[in-house]
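Read through the structure below, which is laid out as structure tokens, and then see the notes.
The values are calculated or read from the model by the stated rules, or taken from the named source; none is laboratory data. Here the structure is a predicted model, which is why all the values come from computation and not from measurement. Don't worry about glycine lacking a Cβ; one is built from the backbone with ideal geometry, like all the others, and counts go over all protein chains shown. Please note that ligands, DNA and RNA were not included when accessible areas were found on the heavy atoms of the full protein model with its side chains. Shrake-Rupley method; radii C 1.70, N 1.55, O 1.52, S 1.80 Å.
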Amino acid sequence: MRQWLNDRMDLDAVVSFAKKKTVPAHRHSVWYYFGGVTLFLFIIQVVSGILLLFYYRPGEDTAFESIRFLMSKVHFGWLIRSVHSWSANLMVLAAAVHMFSVYLTRAYRRPREITWVTGVLLFYLSLAFGFSGYLLPWNELAYFATKVGTDIAGSVPFVGGPIMELLRGGEQVSGATLSRFFGFHVALFPAIFTVLLAIHLLMVQRQGMSSPIGEEKNPKARSIPFFPNFFLRDVLLWLIVLNILAILAVFFPWELGVKADPFAAAPAGIVPEWYFLFMFQVLKLLPAHVLFLEGEVFGVLLFGTAMTLWIFIPFFDRQSQKGQRGRLFTIIGLAVIIFILFFTILGWVML
Amino acid sequence: MRYFQQRLLRILLALSIPMAALVVPTMLPAQQDECFTCHQMMDGDAATAFVSDVHRSAGLTCASCHGGDATTDDMEEGMSKARGFIGVPTGESISALCGKCHDDAETMERYGYEGPTGQLTSLRGSAHSQQAGTTVTLLLQCTDCHGAHGIRHPEDAASPVSALRVTSLCASCHADPSYMRRYNPSLPTDQLAKYRTSVHGEQNLQGNTRTATCNDCHSAHDIRPAEESTSSTNALNLPQTCGRCHASAEYMRGTGLPTTQVAEFRSSVHGKALLEKRDMSAPSCNDCHGNHGAAPPSVQSISNVCGTCHAMNAELFRESRHNTEFARLDKPECETCHGNHAVQPATEKLLALDAGSPCASCHGKDRAPEGYRAAKRMRLLLDSLMLTMHEAEVQLDAAEQKGMEIDDIRFALRDARQARLQSRTAIHAFSLPKFEEVVDPGLRIARQALKDASAANEDYYYRRYGLAVVTLIITLTIIFLALYIRRIEQRQKAEHHASGEPTST
């Protein structure tokens, strides 16, 4: 059998590659595992998402009811939904940790710029997954959070209006918005995500793990075999994450809430998902006018510009390209982390 | 010529004073009223009427209303504008003149009057006035009801507003459709006709001045449409209005009527709904007794009265065996089980066979046993339904506390609750099969809900146990894996040492 497969797939080459593959071992090695954790959570997302698709029926009159049916009547339906929701949140968290660890260790430097760009795009796409998936149960909180979110998108000068209409499928958040978000969530985003992820993983395999600056030229630099050492450690961490996920899903099941009523008044305390909270909080705190722009428009433009620049960080950080650890980009990275943490906590406290 | 006229007048006056004193000696005011003296001789009607007017006996003269000087016998001088003569007042000025005294407590006190004042103010806020912006126009003047010169105390039988005459006075407008159409076409004009059929109206016709007439319920001057919350005939105020007489043991003495109705009504399900919850769909006194045609519903008509709201119950009752049996026994229909003024919420307790319960008053093990058995079975069914529903609710609350998804079960349980509500109507058919038709489906739903709710609670523990097993397996795997990795790495280390190679490249 092995021979039969080897004749057709050249398995020996793969085994040989795996045997030779090593991973640098140093005091920052722990950050390597977060990419694997993110991938593991993404796989859970795909599997649980496909299971949810068996029962989910998009539509104003069916979405909420189908989720309710899934949660109350389908065996382990509640668990699948809860796992899907929790793993989505954990995935965003793991991806963020992975991204910032890559940034602070300058792992984006040449020749890994493409890995960084695809990684950041994958992170943004994860946020888009979260935003589009949030509306799908068609409950009150999701409805109004989507309304607020798309309103913010609509405030972008010139293109905001058409973007908002494109997202909503009309002037208001309605059944058309739900259909669109469903399409984005299960077809468009997964398609783009798969391509970007394939490139990202291919680049990681081709280039291997990046060593921190200075470590490459260290004659005493150590490494460990990818198989089985690193791989088993990866699996070990995945199992820990799985355990955490199981406990969260069972002890804190994701509630369904009340069905969305477009004619009802918005309930008090509408907030977005925690990973958008810092942006929401900043937009809330901005003055009515900044320079010649409206506060909200200024905020949206600011975040839009920052997120775009973030994609191209490897090309701005000339020092890292030369193998030097520049202080400026460390300060920028830490400032971004502190900014996000501060406003997320502030948003949480001011709920 | 003028001199001749004055001489003649003086001669006539001189003759008339002793003559008038002979005819109405007691009605002469203390103060000499020269206007009255002349007018009594000249045209007569107004002055003659004024003889018996309460105002004359209080010392008022013609000039009190018409202006001028009543002390002089010189006509021109007495009726001169310089002396304030205004002639015959018309329109709004009539009521304004009356109000000058009757709206002022101090003035009225000077005349020794201790009764109510403020009648004109009341009239201006009543249904007998029209308001356009800040302008108030009276639709009728004081004199339209009280007369002009022969005004008597309302308790005086000759007064048009006296107890025995006031209904005719009000009806002179309110029973005239063509007249009423000018002011309020939607207002019925059969009040007097209905009143005559009421107990109040019959007593009034027999000369009973203590029985209620128009002003007793509607008030005299502050008459307002019943829809207005301040109206004495508004549903919310009606128990108090009727209770002024019917809750007064002293006033009702000799009538043989009880005076507990209002207190009983306040304690009833109807009274609480109306007076405490302000539910305007709840009945007030007039909804059962009628208003102008007020009469206690007879034994035969009670179900019609109650049936105006409780239509299904009444319909089922009419088709039931109890209808004919109650008629044969001369028992009032609804009242036999529910009472009248003190109707309490119809709970399952009504369907009881304990001593003193409505059913037990006719049915017993040995007396009408068929009904006894049916009632027993109905109560059993109802208790089962309620108990099962209660148990399901308890289980659902517990499951909800645990974060289980139970919305579907709660939704289904609403049908059981509906069946319980419908059973309260179905009971009026007094038929076990018909009752079972309503309660059995509800019982089935409640049992299923209880089963599902219990399963939801069990599922909660199943999830916990399941999680414990899964996390244990995963944790053991983690420990095993960690030990395995350690072993591999120790072996790799040993191999490298043996081969003399560095531990890693």
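Tabulated data
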| item | result |
| --- | --- |
| Residue within the range A:251-274 that is open to solvent by less than 40 Å² (accessible area, probe 1.4 Å) and in a helix (DSSP H, G or I) present | no |
| Members of the range A:205-217 found to be more than 17 Å from A:Leu104 (Cβ to Cβ) and modelled with pLDDT of 75 or more, listed by number | A:Gln205, A:Arg206, A:Gln207, A:Gly208 |
| Residue count, the range A:296-309 (criterion: surrounded by fewer than 17 Cβ atoms within 10 Å (Cβ to Cβ) and either touching an Asp or Glu at 6+ places or on another chain (Cβ under 7 Å) or not hydroxyl-bearing (Ser, Thr, Tyr) (or both)) | 7 |
| Hits in the range B:209-223 (condition: open to solvent by 50 Å² or more (accessible area, probe 1.4 Å), touching a helix residue (DSSP H, G or I) at 6+ places or on another chain (Cβ under 9 Å) and closer than 15 Å to B:Ser162 by Cβ) | B:Arg210, B:Asn215, B:Asp216, B:Ala220 |
| Search result, residues across the range A:24-35 that are surrounded by fewer than 20 Cβ atoms within 10 Å (Cβ to Cβ) and either without any contact (Cβ under 8 Å) to a residue 24 or more places away in the chain or within 23 Å of A:Leu93 (Cβ to Cβ) (or both) | A:Arg27, A:His28, A:Ser29, A:Val30, A:Trp31 |
| Test result for B:Gln40, farther than 24 Å from B:Pro160 by Cβ and modelled with pLDDT under 85 | no |
| Members of the range B:310-360 that are open to solvent by 80 Å² or more (accessible area, probe 1.4 Å) and of a type in the set (A, V, I, L, M) | B:Met312, B:Leu329, B:Ala355 |
| In the range B:29-69, the residues that are among the acidic types (Asp, Glu) and open to solvent by 50 Å² or more (accessible area, probe 1.4 Å) | B:Asp43, B:Asp45 |
| Residue within the range A:246-257 that is farther than 30 Å from B:Val470 by Cβ, touching a residue at least 40 places away in the same chain (Cβ under 8 Å) and not polar (S, T, N, Q) present | no |
| Flag if B:Ala294 is of a type in the set (A, V, I, L, M, F, W, C), in contact with a His (Cβ under 9 Å, 6 or more places away or on another chain), assigned to a loop (DSSP other than H, G, I, E, B) and in contact (Cβ under 8 Å) with a residue 12 or more places away in the chain | yes |
| Residue within the range B:418-426 that is within 10 Å of another protein chain (Cβ to nearest Cβ), open to solvent by less than 60 Å² (accessible area, probe 1.4 Å), in a helix (DSSP H, G or I) and modelled with pLDDT under 95 present | no |
| Of all residues in the range A:12-36 being within 14 Å of chain B (Cβ to nearest Cβ) and among the hydrophobic types (A, V, I, L, M, F, W, C), the one that is nearest to the chain's Cα centre (by Cα) | A:Val23 |
| Residues that are more than 9 Å from chain B (Cβ to nearest Cβ) and touching a residue at least 60 places away in the same chain (Cβ under 8 Å), drawn from the range A:66-78 | A:Ile67 |
| Failed item, numbered, when B:Gln492 is tested on (1) at the interface with another protein chain (Cβ under 10 Å from one of its Cβ atoms); (2) crowded, with 17+ Cβ neighbours inside 10 Å | (2) |
| Filter result for the condition that a residue is on the phi < 0 side of the Ramachandran plot, away from chain B (no Cβ under 14 Å) and surrounded by fewer than 17 Cβ atoms within 10 Å (Cβ to Cβ), over A:Met91, A:Met9 | A:Met9 |
| Of the criteria (1) in contact (Cβ under 8 Å) with a residue 60 or more places away in the chain; (2) within 11 Å of chain A (Cβ to nearest Cβ), which one B:Gln395 fails | (2) |
| From the options B:Gln119, B:Gln141, residue that is of a type outside the set (A, V, I, L, M, F, W, C), under 18 Å from B:Thr213 (Cβ atoms) and buried (at least 18 other Cβ atoms within 10 Å of the Cβ) | B:Gln119 |
| Pair list, Cβ < 8 Å and 6+ apart or interchain, from the range A:222-245 residues that are closer than 13 Å to B:Glu489 by Cα and within 10 Å of another protein chain (Cβ to nearest Cβ) to residues that are open to solvent by 60 Å² or more (accessible area, probe 1.4 Å) and in a helix (DSSP H, G or I) | A:Pro225/A:Lys19; A:Leu232/B:Tyr484 |
| Residue in the range A:54-64 that is farthest from the other protein chains (Cβ to nearest Cβ), counting only those that are open to solvent by less than 60 Å² (accessible area, probe 1.4 Å), at negative phi and in contact (Cβ under 8 Å) with a residue 12 or more places away in the chain | A:Pro58 |
| Matching helices (runs of 4 or more DSSP H) fully within the range B:152-222 where at least 2 residues are closer than 19 Å to B:Ser232 by Cα and either out of contact with any Phe, Trp or Tyr (no Cβ under 8 Å at 6 or more places or on another chain) or of a type outside the set (Ser, Thr, Tyr) (or both) | B:166-174, B:191-197, B:214-218 |
| Any hit, the range B:236-259, residues being open to solvent by less than 40 Å² (accessible area, probe 1.4 Å), hydroxyl-bearing (Ser, Thr, Tyr), in contact (Cβ under 8 Å) with a residue 12 or more places away in the chain and under 30 Å from B:Glu319 (Cβ atoms) | no |
| B:Leu396 under 45 Å from the mean Cα position of the chain (by Cα), open to solvent by less than 50 Å² (accessible area, probe 1.4 Å) and closer than 30 Å to B:Ser320 by Cβ | no |
| Residues located in the range B:435-479, provided they are open to solvent by 20 Å² or more (accessible area, probe 1.4 Å), in contact (Cβ under 8 Å) with a residue 40 or more places away in the chain and more than 10 Å from chain A (Cβ to nearest Cβ) | B:Glu436, B:Asp440, B:Arg447, B:Leu450, B:Ser454 |
| Options B:Thr107, B:Thr90, B:Thr72: the member that is assigned to a loop (DSSP other than H, G, I, E, B), more than 23 Å from B:Asp216 (Cα to Cα), open to solvent by less than 40 Å² (accessible area, probe 1.4 Å) and of a type in the set (Ser, Thr, Tyr) | B:Thr72 |
| Some residue of the range B:399-407 being at pLDDT 95 or above, part of a helix (DSSP H, G or I), more than 10 Å from chain A (Cβ to nearest Cβ) and open to solvent by less than 60 Å² (accessible area, probe 1.4 Å) | no |
| Residues within the range A:259-310 that are among the hydroxyl-bearing types (Ser, Thr, Tyr) and touching a residue at least 60 places away in the same chain (Cβ under 8 Å), tallied | 1 |
